[in-house]
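Asks: Before I ask anything, here is the structure I am working with.
The values are calculated or read from the model by the stated rules, or taken from the named source; none is laboratory data. All figures in this text were calculated on a predicted structure; none of them were measured in a lab. Cβ coordinates were reconstructed from backbone atoms using ideal geometry, including for glycine residues, and neighbour counts include every protein chain displayed.
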Amino acid sequence: MSSRTFAWRLGVVLFVLAIFCILANTLLYFPNWKADYATDKDQLSKYVWYFAGISGGGLVIFLPAAVFMSLDDCRGRGSRRSCGTSCALFGSVTAALIGLVGSGYCFVISAMALMEGPLCWTGTKWTYPFENQAGQYLMNHTLWEMCKEPEGVVEWNVSLFSILLALSGVEALICAVQAIAGLLGGLCRGWCHRSHYTLNA
């Protein structure tokens, strides 16, 4: 399997992961499938409004996905489309680095959201009842009963932010793999081309 075909497959996977990140982030605005809280920023966790899955894990990832998939069209001399393969591979490295920034942003925000816990109504006020607990509430489900509204918001946030954490982690891994593969492929092709030219001369 050529490096271009490998990059194309990585691009397809990235594209699918980006769509799922956007969906997961969008669902965070509708805890327990209710739209009542989406209109008020003071009733949803601040991390929901950072658009980590929509922007970082979603829209930004479309760029490296598109670049990776376009590499398969970059053929050698005499084919449908001729282009500098080494330059294209180095271009994929740049796109991969951009993808790393986007997925890294989504990963960090999701981790911070899980550590702090959701914003909810505890019966007296809207607050972060699990703040400054270093994520201990994640292992103690009896604490989840402190959140009265939105109903099931703890489970909702934990599930969706965990999904975003996992998806963005895979995105970052894919971008890192392609960055290394593109760099090595570009260097190798350039070195091999110079060696071939020197031998012919």
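Asks: Given the options THR127, THR122, name the one that is more than 25 Å from the chain's Cα centre (by Cα), under 17 Å from LYS41 (Cβ atoms) and surrounded by 13 or more Cβ atoms within 10 Å (Cβ to Cβ).
Replies: Within the list THR127, THR122, the selection yields THR127.
Asks: Sticking with this one: Working carefully through the options ALA134, ALA172, ALA166, ALA111, find the one that is over 19 Å from ILE22 (Cα atoms) and among the aliphatic types (A, V, I, L, M).
Replies: ALA134
Asks: Looking at this structure, is VAL101 in contact with a Gly (Cβ under 9 Å, 6 or more places away or on another chain) and at pLDDT 95 or above?
Replies: Yes.
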